[in-house]
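Single-structure report; data block below.
The values are calculated or read from the model by the stated rules, or taken from the named source; none is laboratory data. Bear in mind the structure is a predicted one, so any value in this text is a computation, not a measurement. Quick reminder, even Gly has a Cβ in these numbers, built from the backbone with ideal geometry, and neighbours come from all protein chains shown.
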Amino acid sequence: MNRSPTRQAALVASTSSHRRWKTLIAFAIIYFVWGSTFYAIRVGVHEVPPLLLAAMRFTIAGAALFAWAVAKGEPLPQRREWGATAIVAVLIFVVDYGILFWAEQRVPSGTAAVILATIPGFMAVLEIILLRTERPTLRLGSALLIGLVGVIVLVDPALGMSGTPVYTLGAVGLLVSAVSWSGASVLSKRLPMPSSKVMSAAAQMLLGGLFLCVVAAAAGEERGFHPAAVSAAAWIALAYLIAAGSIVGFTAYTWLLHHESPTKVGTYAYVNPVVAVVLGHFLGGEALDVRTMLGTAFVLASVIVITTRGKTGAGANAAGRLATASAQPDT
């Protein structure tokens, strides 16, 4: 029996409303859950050695996502794809996340998120140097300079601003993290990565977690670590990072990439730092002084300029490239 036009219209409206709610929830997850993971890392690394905490997070989450991808029937990576995935996993998880977890022992979580927001700028520079899919422009150069000024404001004690400067070595480490993540994302466009985006990200996370286990063991982080002495708050933070930050966040992110434009999805790049700064201040008592606010404003202005500019030659912009990269700043 044919449905009446009225019934069909009601069904379409109901489906549209349901889709709209799913979209709002998915964006809320990648905005607020990913933004909150920086504070959760800070809680965890104050009691658990940083590389060990990162290893536990990504090994467990990576194994769960890998099992989910296999259950969905996603094709397993071929041998050469495993090799490429391993290279990207080292750059993203061992270098990028390893340094992030280490730095948050002394760098405020909100500031760490702001410094990592320089990733789109480094991606643009590496695309100019390595892929030659970008060309230098006045707009891009100005945006990079603004971002650099923001980092200097956060770090340089000679500026005479109110507020404590960020731990310099930690800030430098976070810039290395941003370069490493950007390099991995750019390299992944040239390496033979798995065709399935879901399987590719799951395999990266699993390998990254296993590599972190090796690095943590080599650093001797398990010596003197007593799980029984860790508070419930730190274990809850780890569980949150695994379940909400990695598994739920990744699922929402993947769903959005299939239903929304990469440009819209890429807006998390300048929402996450704001969420991290606010949560760090209100939950962790992190300073929200003139130095922090001004440095954050400069970096976010740089990110917005970079991610909203048109890409030369191809019509896509940096936010789209950021959203569809092999991994995201916090998964």
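Below, the figures for the structure above:
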{"quantity": "Single unsatisfied condition, ALA67 versus (1) closer than 29 Å to THR296 by Cβ; (2) assigned to a helix (DSSP H, G or I)", "calculated": "(1)"}
{"quantity": "Failed item in (1) more than 28 Å from LEU65 (Cα to Cα); (2) modelled with pLDDT of 90 or more; (3) over 22 Å from the mean Cα position of the chain (by Cα), with PRO192 passing the rest", "calculated": "(1)"}
{"quantity": "Failed condition for GLU260, given (1) closer than 29 Å to ARG190 by Cα; (2) modelled with pLDDT of 85 or more; (3) of a type in the set (Asp, Glu)", "calculated": "(2)"}
{"quantity": "Whichever residue in segment 107-150 is farther than 18 Å from ILE304 by Cβ, surrounded by fewer than 16 Cβ atoms within 10 Å (Cβ to Cβ) and touching a helix residue (DSSP H, G or I) at 6+ places or on another chain (Cβ under 8 Å) and, among such residues, is modelled with the lowest pLDDT", "calculated": "LEU131"}
{"quantity": "Every pair of residues 6+ apart whose Cβ atoms lie under 6 Å, when the first sits in segment 134-154 and is touching a residue at least 40 places away in the same chain (Cβ under 8 Å) while the second is of a type in the set (Phe, Trp, Tyr)", "calculated": "ILE146/PHE298; VAL149/PHE298; GLY150/PHE298"}
{"quantity": "Members of segment 202-228 found to be touching a residue at least 60 places away in the same chain (Cβ under 8 Å), surrounded by fewer than 24 Cβ atoms within 10 Å (Cβ to Cβ) and among the small types (Gly, Ala, Ser), listed by number", "calculated": "ALA216, ALA219"}
{"quantity": "Listing of helices (runs of 4 or more DSSP H) fully contained in segment 90-147 that carry 2 or more residues being closer than 27 Å to ARG291 by Cβ and not hydrophobic (A, V, I, L, M, F, W, C)", "calculated": "109-116, 119-126"}
{"quantity": "Any chance VAL153 is part of a helix (DSSP H, G or I) and either more than 19 Å from the chain's Cα centre (by Cα) or among the small types (Gly, Ala, Ser) (or both)", "calculated": "yes"}
{"quantity": "Residue within segment 43-50 that is in contact with a Cys (Cβ under 9 Å, 6 or more places away or on another chain), of a type outside the set (Asp, Glu), closer than 19 Å to GLU222 by Cα and in a helix (DSSP H, G or I) present", "calculated": "no"}
{"quantity": "Among the candidates ARG80, ARG106, residue that is of a type in the set (D, E, K, R) and farther than 30 Å from GLU286 by Cα", "calculated": "ARG80"}
